[in-house]
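Scroll down for the structure; my scribbles are underneath it.
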Number of protein chains: 2
Amino acid sequence: MLAGGVGAARFLRGLHSLLEPRQLTIIGNTGDDDTFFGLHVSPDLDTVTYTLAGRVGERFGWGVRGDTFACLSALGRYYKESWFQLGDRDLATHIFRTDALRRGESLSSVTSQIAQRHGLRSTLLPMTDDSVRTVVHVAGRGALPFQHYLVKGRGRGRVQRVELKGVHRARPALGVLTAIRQADIVLLPPSNPIVSIGPILGLVGVRDALRKTGARVAAVSPIVRGAPIKGPAHRLLRGLGHEVSPFGVANLYRDFVDLFVLDRRDATHASRIEGLGMRTLVTDTIMSTPAKSRALAAAVLQEVEA
Amino acid sequence: MLAGGVGAARFLRGLHSLLEPRQLTIIGNTGDDDTFFGLHVSPDLDTVTYTLAGRVGERFGWGVRGDTFACLSALGRYYKESWFQLGDRDLATHIFRTDALRRGESLSSVTSQIAQRHGLRSTLLPMTDDSVRTVVHVAGRGALPFQHYLVKGRGRGRVQRVELKGVHRARPALGVLTAIRQADIVLLPPSNPIVSIGPILGLVGVRDALRKTGARVAAVSPIVRGAPIKGPAHRLLRGLGHEVSPFGVANLYRDFVDLFVLDRRDATHASRIEGLGMRTLVTDTIMSTPAKSRALAAAVLQEVEA
């Protein structure tokens, strides 16, 4: 599975109970990574880890459930900006990651250790050990590092361009291409196609591996009735000239997806999507409860294997 | 004032209300500094800052009052050793310090910023911007970094040797020698003479500046009736062949102290100490309440100016 943050985590919440955990490899986006207070934060990787550990914050779908914010509050004494919400327990992960990276360990190695310490039995790989940083160019506001755009700027404004800094020099982390080539199924959860899945697809060799893999490849639309469940995917799609619809998303994946999953509310899009050369599954895709996550994952697995 | 940790802070608690804060410069020991979880911790500097800010933990005399330990608890997931008690609010200071040092700022600059953000109007200087690390050699246990010796090892065991790694190459921080030379009074609070005051005295030029300054120099004995109020000063003195008494401490300062302050319980030591060529003040030195801290500081100020 390729994974962004919350959309991927919601899907994983359902998927992981349907599989032997060791069968699952998750390739996490790191384009959203950033440095806060000198600490290396990998929001998408951590959201996956905390979710699989059963420890993710329920309300927002990120962070550690029941976390407190005493350290962040005290950091406000030293820093002008403390808008990125880092809880006390969550901070331990960033402190450990930063410490390990400074000692020369790779992000892959640190990510694997963090996953293990949280009891994960699935494999979690960062998409790359190299630096890729997503920068969103917004009309009148300039180039915003992704978290500034998303969290501080609340994803507002007209998107002119998305830059994936470093993506052309970055190599997929060890295991990423092999996982895609050797998988039975590759899943793209309802993550943002531009800033969550986009950076992974932008890495040298990934798109090609997806085209050539013997795996069935299924993608779930993050767009339902013209808008994402969460986040600014509609603004990003529109800003880059894509249709804000399941078709718009499917079109971005047309060269490698076998099965495209869209919501019942968008059933009328199915035939256009099939025109791109992929099968479709029309079902309930809004994962508002764990049971709905499981039902969606089960439907996707069943259909993609059909 | 030269300063170690808790003994110095107890004295400062009394002293600072007797002076115009801007008249006071504190030179803090950094030989106790260490790195935990990749974060640069300066225990003595922070104890001084939190004390002067009225924010120090009352019970132990260090840390932030009312602090919580959620992050430390979560760090236990990643690290085998989490015996050094770092509270959530306290961690913010270490995160900021580490971030600033990594960006190339000096410890002096960071220390000054931390002090300012806590509202201090006195000047707090680290003794040096260079690395000095106190290592205690303990029989049967080898060379222990100071915090390992003090906190993890609880200051136990027979001390064979104290090593101040880097002290011969370290330069006093900008302002340290000038403060000593230009002061009216230099105070040595009841800090550990070996591991709190010792590293400061060991820096090139400091002892010489103390000998030559026009300031009156007063020191308060940290030893009362053969033992320190807190900490392992007795074991350190004994291990290095010094007498565990006010005389033993005074003897370490014999070349530059004008007034030596000792507790009433040790009044019989006064004449021997005067034999070292210094005046003595016999008074209550145990600062179990803020009022007692103030009374001691007032008595020392009055006598040293006499």
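The values are calculated or read from the model by the stated rules, or taken from the named source; none is laboratory data. All values derive from a computational prediction rather than experimental measurement. Methodologically, a virtual Cβ is constructed for each residue, glycine included, from the backbone with ideal geometry; neighbour enumeration extends over all protein chains shown.
As a summary of the residue check, B:S112 satisfies the conditions (1) touching a Leu at 6+ places or on another chain (Cβ under 9 Å); (2) within 13 Å of another protein chain (Cβ to nearest Cβ); (3) surrounded by 21 or more Cβ atoms within 10 Å (Cβ to Cβ); (4) not in a loop (DSSP other than H, G, I, E, B) except for the one numbered (3). Can you tell me which residue within the stretch A:41-80, out of those that are under 22 Å from A:A100 (Cα atoms) and not in a helix (DSSP H, G or I), is farthest from the other protein chains (Cβ to nearest Cβ)? So, considering only residues that are under 22 Å from A:A100 (Cα atoms) and not in a helix (DSSP H, G or I), the one farthest from the other protein chains (Cβ to nearest Cβ) is A:S42. The lone criterion from (1) touching a helix residue (DSSP H, G or I) at 6+ places or on another chain (Cβ under 6 Å); (2) not hydrophobic (A, V, I, L, M, F, W, C); (3) not in a strand (DSSP E or B) left unmet by B:T134 is number (3).
Can A:F146 be described as touching a His at 6+ places or on another chain (Cβ under 6 Å), hydrophobic (A, V, I, L, M, F, W, C) and buried (at least 16 other Cβ atoms within 10 Å of the Cβ)? Before you say what the answer is, go through the steps one by one.
Values: touching a His at 6+ places or on another chain (Cβ under 6 Å): no; hydrophobic (A, V, I, L, M, F, W, C): yes; buried (at least 16 other Cβ atoms within 10 Å of the Cβ): yes.
The answer is no for A:F146.
Considering only the stretch A:26-49, I want to know if a residue exists there that is surrounded by fewer than 20 Cβ atoms within 10 Å (Cβ to Cβ), farther than 24 Å from A:L164 by Cβ and not acidic (D, E). No, the stretch A:26-49 has no match at all. Contact annotation: residue pairs with Cβ atoms under 7 Å, 6 or more positions apart or on different chains, pairing a residue in the stretch A:241-261 that is assigned to a helix (DSSP H, G or I) with a partner that is of a type in the set (G, A, S) and buried (at least 22 other Cβ atoms within 10 Å of the Cβ), are A:P246/A:S221; A:V249/A:S221. Those helices (runs of 4 or more DSSP H) of the stretch B:152-226 that lie entirely within it include none in which at least 2 residues are out of contact with any Asp or Glu (no Cβ under 7 Å at 6 or more places or on another chain), assigned by TED's automatic domain parsing to the domain that holds B:W83 and on the phi < 0 side of the Ramachandran plot.
Whether a residue is within 12 Å of B:F36 (Cβ to Cβ) and modelled with pLDDT of 95 or more was assessed, and B:H94 passes this test. Checked against (1) assigned to a helix (DSSP H, G or I); (2) more than 7 Å from every other protein chain (Cβ to nearest Cβ), B:G104 passes all but a single condition, namely (1).
Do you know which residues across the stretch B:252-277 are in contact with a Leu (Cβ under 9 Å, 6 or more places away or on another chain), surrounded by 16 or more Cβ atoms within 10 Å (Cβ to Cβ) and under 23 Å from B:R238 (Cβ atoms)?
Pass one, the stretch B:252-277, residues in contact with a Leu (Cβ under 9 Å, 6 or more places away or on another chain): B:252-257, B:259-262, B:269-270, B:273.
Subsequent filtering for residues that are surrounded by 16 or more Cβ atoms within 10 Å (Cβ to Cβ) retains B:252-253, B:256-257, B:259-262, B:269-270, B:273.
Of everything in the stretch B:252-277, those that are in contact with a Leu (Cβ under 9 Å, 6 or more places away or on another chain), surrounded by 16 or more Cβ atoms within 10 Å (Cβ to Cβ) and under 23 Å from B:R238 (Cβ atoms) turn out to be B:L252, B:Y253, B:V257, B:F260, B:V261, B:L262, B:H269, B:A270, B:I273.
Quick check: is even one residue across the stretch B:268-281 of a type in the set (A, V, I, L, M), assigned to a helix (DSSP H, G or I) and farther than 22 Å from B:I180 by Cα? Yes, some residue in the stretch B:268-281 is of a type in the set (A, V, I, L, M), assigned to a helix (DSSP H, G or I) and farther than 22 Å from B:I180 by Cα.
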